[in-house]
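Trainee: This is the structure, below, for whatever I ask next.
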Amino acid sequence: MRSRVIRVYQPWPTPVRAACYTEPAVLPEIDAWVDRLREQGLVPPDVDFVIRDGGGGPVGVLDDHEGEHELHPAGFLVFGRGKLRVLDESAFFGQYHDPAREEI
C-alpha cells in the first residue's frame, strides 16, 4: 500500500489597501478614506465608519450589511475585492505582507 501526502496550499491573496489603527489621531483619516471609497462607488452607500468611545479609548466601527465590526488599536481596516473588513494584527499579517519589506 502506497503512502500519500495531502497538502493544503493557500493562494497568494490579491493586493489590498489597508489602514492600520496606530493611534487615535488616525481614526478621522480612516473615516475620510471610507467616505472617499463610498463616494467613488467602490463600497455600497449603506457602509459606514464611525468613531466611538470604547471605554479604553476611541474605536472605529465599520457598519455594513453584516453588522458592526470594531477596529481596535493595532487592527486593520482592509479594502479588497470590493468590500471593507476589519482584521486584527495577527489575522492581517497571516494573510498579507508589505512588499516594500522584501527590499530590506
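The values are calculated or read from the model by the stated rules, or taken from the named source; none is laboratory data. Given the structure is predicted, the values throughout are model-derived calculations rather than measurements. Cβ coordinates were reconstructed from backbone atoms using ideal geometry, including for glycine residues, and neighbour counts include every protein chain displayed. The area values use the complete protein model at the heavy-atom level, side chains included, leaving out ligands, DNA and RNA. Shrake-Rupley method; radii C 1.70, N 1.55, O 1.52, S 1.80 Å.
Trainee: Does Gly60 count as modelled with pLDDT of 95 or more and crowded, with 17+ Cβ neighbours inside 10 Å? Full working, then the answer.
Mentor: Numbers: modelled with pLDDT of 95 or more: yes; crowded, with 17+ Cβ neighbours inside 10 Å: yes.
Yes: the conditions hold for Gly60.
Trainee: Let me ask something else. Go through (1) loosely packed, with under 15 Cβ neighbours inside 10 Å; (2) at pLDDT below 95; (3) of a type in the set (Val, Ile, Thr) one by one and return the number of the condition Val16 breaks.
Mentor: (1)
Trainee: Now, a different point. Scan the range 63-72 for residues that are over 13 Å from Tyr21 (Cα atoms) and open to solvent by 50 Å² or more (accessible area, probe 1.4 Å) and jot them down.
Mentor: Here is the first cut: in the range 63-72, the residues over 13 Å from Tyr21 (Cα atoms) are 63-69.
Result: Asp63, His65, Glu66, Glu68, His69.
Trainee: Here is a list of conditions, (1) farther than 20 Å from Pro15 by Cα; (2) surrounded by 15 or more Cβ atoms within 10 Å (Cβ to Cβ), and Phe79 meets all of them except one; can you say which number that is?
Mentor: Only one criterion in (1) farther than 20 Å from Pro15 by Cα; (2) surrounded by 15 or more Cβ atoms within 10 Å (Cβ to Cβ) is unmet by Phe79, namely (1).
Trainee: So, one more: Which condition number does Gln95 fail, the rest of (1) at pLDDT below 95; (2) on the phi > 0 side of the Ramachandran plot being met?
Mentor: All conditions are met except number (2).
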